[in-house]
Structures are given as structure tokens and as C-alpha cells.
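Just so you know, all these numbers are worked out from the coordinates, no wet-lab data involved. Values in this document were obtained by computation on a predicted structure and should not be read as measured data. Note: ideal-geometry Cβ built from the backbone for every residue, glycine included; neighbour counts use all protein chains shown.
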Amino acid sequence: MTRVLIVGMAAVTGGCVNVTAPTKPIEINLNISVTQEVVYRLDSEAKAVIQQNPGIF
């Protein structure tokens, strides 16, 4: 009889889950550093044309 009572109480109380929203907003701090490196190489002929015509660009 006692076992039946314990199993019955466990079944009644074991299935209840409460989920509540937090009162404060969730804050996520991300420290991200983005760096970009651009490497370019000019053909010697193209370099000469640019030096001869600096206003081309």
C-alpha cells in the first residue's frame, strides 16, 4: 500500500515543469576584432602607365 502511494505521488508531482522569462534582458557581449589586409601587385607596365598619367584614377 505504501509503494502505491509513493508511486502515485511521484507520478502527480513529477510531470510539472515551470518555465518563466527572466526579468532582466539577456546581455551578450562580443569582443570582435576584424582586420583586413589587402595585398596588391602591379605589373611593371601598368605601374609605368599610372606614373605617367597620375590623374587616370
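Annotations
- Annotation: extensible slack from T35 through V19 equals 1.6 nm (criterion: 0.36 nm per residue apart, minus Cα-Cα distance).
- Label-point separation, E27 to K47 (7 Å along Cα→Cβ), nm: 5.3
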